[in-house]
Amino acid sequence: MTVAATERLIRPHGGTLVDRTGERPDDLETLEAVALTSRELSDLDMIASGALSPLEGFMARGDYERVVEEMHLANGLPWALPVCLAVESVPAGDRVALTDEAGRAVAVLDVEDVYPYDREREAELCFRTTDEAHPGVARLYTQKPLYLAGRVSVFERPQPMFPELALDPADTRRVFGERGWRRVVGFQTRNPIHRAHEYLTKVALETVDGLLVHPLVGETKSDDVPVDVRVECYRMLLEGYYPEDRVLLSAFPAAMRYAGPREAIWHAICRKNYGCSHFIVGRDHAGVGDYYGTYDAQLIFDDFVAHELDIEPMFFEHTFWCNVCGSMASTKSCPHGAEDRVHLSGTKVREMLGKGDVPPVQFTRPEVARVLIDAYRQD
Ligand SMILES: [Zn+2]
């Protein structure tokens, strides 16, 4: 592969792909230890890999304030969500060891700043609600009272659940380059892919060189479909219904925040770092409950100046099978009524799968249904 192949891809956010991996330091034993939550660990690993470029560590006050208030970093680059490390007290030294939940050191942080923050204000501005029933807000409210900022150096990366799907931004960029892709659309999901989402990924793929199916494998709500089941669904679907040389399946290691619109922007920026020039934004992206309007995650892209994000969002309506059209469609492309459309509620689908019934092929591929039926039966 020539250098030119990856050079033709979209530039990382801020221009340079960050690499904050490093060597285990000799003075590790002498450093004060700070334990990270699972969400903070997932952010840490994404900083290390460059998925959160241009961030080189946890956010200092200037970045945090401007992100919360104006969705931009202090240097003016768009950024939608805080990436912060919450601590109980100000560390004594100017360097700390960051540990995982088991107490094992994984990184060091050079202390730049320690500052208080207002949980309710962050909730209101970032999640658009202060309701503790919102899972993202609930987690924010349990956080420690200070934010510890500074550059990190990560010497112990977590063991990926799916090693063959664990591609860092440098890896996906290399694969895109090898395949000669220049325009690549990223698809974020935390659910099994049924016909509706298969359709919109394929509509998007018709206009670009390649598709990155990038399911989130970090922490999700306990009632989401388990990640190993989802991955099996993706494999069956891609094997049966997508051209192998036009699609790449890889895991997105982020934890869900359920911040709806702001998370859609954040997800898009991350995918830009992975080399995607386009990003699919469907209805209610990264939403939860009734906290966000159906199209809020699309409308928020208008808060940025044209081309400021660089990555191009592709907005989609709800899609369905129409019996009269004889194809997948949306209200944008099909004039027929609800009676002609195949609609199954999530509850109905779960009920069918639980009983071992395969939903209609207009709703889901039988190979995907079988994976889900097996999973429901083992429960
Ligand atoms: Zn129709």
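The values are calculated or read from the model by the stated rules, or taken from the named source; none is laboratory data. This one's a predicted model, so the numbers in the text were calculated from it and none came from an experiment. FYI the Cβ positions are ideal-geometry reconstructions off the backbone, even for glycines, and counts take in every protein chain you see. All accessible areas refer to the heavy atoms of the entire protein, side chains included, with ligands and DNA or RNA removed. Shrake-Rupley method; radii C 1.70, N 1.55, O 1.52, S 1.80 Å.
Here are a few things to note about the model shown:
- A residue that is surrounded by fewer than 22 Cβ atoms within 10 Å (Cβ to Cβ) and more than 22 Å from A286 (Cα to Cα) occurs somewhere in region 47-55.
- Hits in region 188-238 - residues which are without any contact (Cβ under 8 Å) to a residue 12 or more places away in the chain and farther than 27 Å from R8 by Cα: S222, D223
- When the residues of region 342-369 are filtered to those that are at pLDDT below 95 and of a type in the set (K, R), the one that is nearest to V231 (Cα to Cα) is R350.
- Tallying residues that are touching a Ser or Thr at 6+ places or on another chain (Cβ under 8 Å) and open to solvent by 30 Å² or more (accessible area, probe 1.4 Å) within region 172-194 yields 5.
- Hey, D19 open to solvent by 40 Å² or more (accessible area, probe 1.4 Å), modelled with pLDDT under 95 and not in a helix (DSSP H, G or I) or not: no
- Hits in region 225-234 (condition: surrounded by 15 or more Cβ atoms within 10 Å (Cβ to Cβ) and not hydrophobic (A, V, I, L, M, F, W, C)): R230, E232, Y234
- For R11, the conditions (1) surrounded by fewer than 20 Cβ atoms within 10 Å (Cβ to Cβ); (2) free of Cβ contacts under 8 Å to residues at least 40 places away in the same chain all hold with the exception of (2).
- Matching residues, region 298-323, being within 16 Å of the ligand (Cβ to nearest atom) and open to solvent by 80 Å² or more (accessible area, probe 1.4 Å): H318, N323
- Within this structure, R271 fails the test of being touching a residue at least 24 places away in the same chain (Cβ under 8 Å), open to solvent by 20 Å² or more (accessible area, probe 1.4 Å) and of a type in the set (K, R).
- Whichever residue in region 32-44 is open to solvent by 30 Å² or more (accessible area, probe 1.4 Å) and among the aliphatic types (A, V, I, L, M) and, among such residues, is farthest from R157 (Cα to Cα): A33
- Residues that are more than 30 Å from D26 (Cβ to Cβ) and crowded, with 16+ Cβ neighbours inside 10 Å within region 144-165 comprise just one, L165.
- Among the conditions (1) within 16 Å of the ligand (Cβ to nearest atom); (2) open to solvent by 70 Å² or more (accessible area, probe 1.4 Å), Y295 misses just one, which is (1).
- The residue of region 362-379 that is surrounded by the most Cβ atoms within 10 Å (Cβ to Cβ), among those that are free of Cβ contacts under 8 Å to residues at least 40 places away in the same chain and under 20 Å from T201 (Cβ atoms), is A369.
- Of all residues in region 196-224, those being part of a loop (DSSP other than H, G, I, E, B) and surrounded by fewer than 17 Cβ atoms within 10 Å (Cβ to Cβ) number 7.
- The lone exception for Y141 - which of (1) of a type in the set (S, T, Y); (2) open to solvent by 20 Å² or more (accessible area, probe 1.4 Å); (3) at pLDDT below 95 it fails: (3)
- Identity of the residue in region 324-342, closer than 13 Å to F363 by Cα and among the hydrophobic types (A, V, I, L, M, F, W, C), that ends up nearest to the ligand (Cβ to nearest atom): A329
- Subset of region 56-75 [open to solvent by 30 Å² or more (accessible area, probe 1.4 Å) and either touching a Lys or Arg at 6+ places or on another chain (Cβ under 9 Å) or part of a loop (DSSP other than H, G, I, E, B) (or both)]: E56, A74, N75
- Which numbered condition S330 misses (of (1) touching a residue at least 40 places away in the same chain (Cβ under 8 Å); (2) of a type outside the set (A, V, I, L, M, F, W, C); (3) open to solvent by less than 20 Å² (accessible area, probe 1.4 Å); (4) farther than 22 Å from M256 by Cα): (1)
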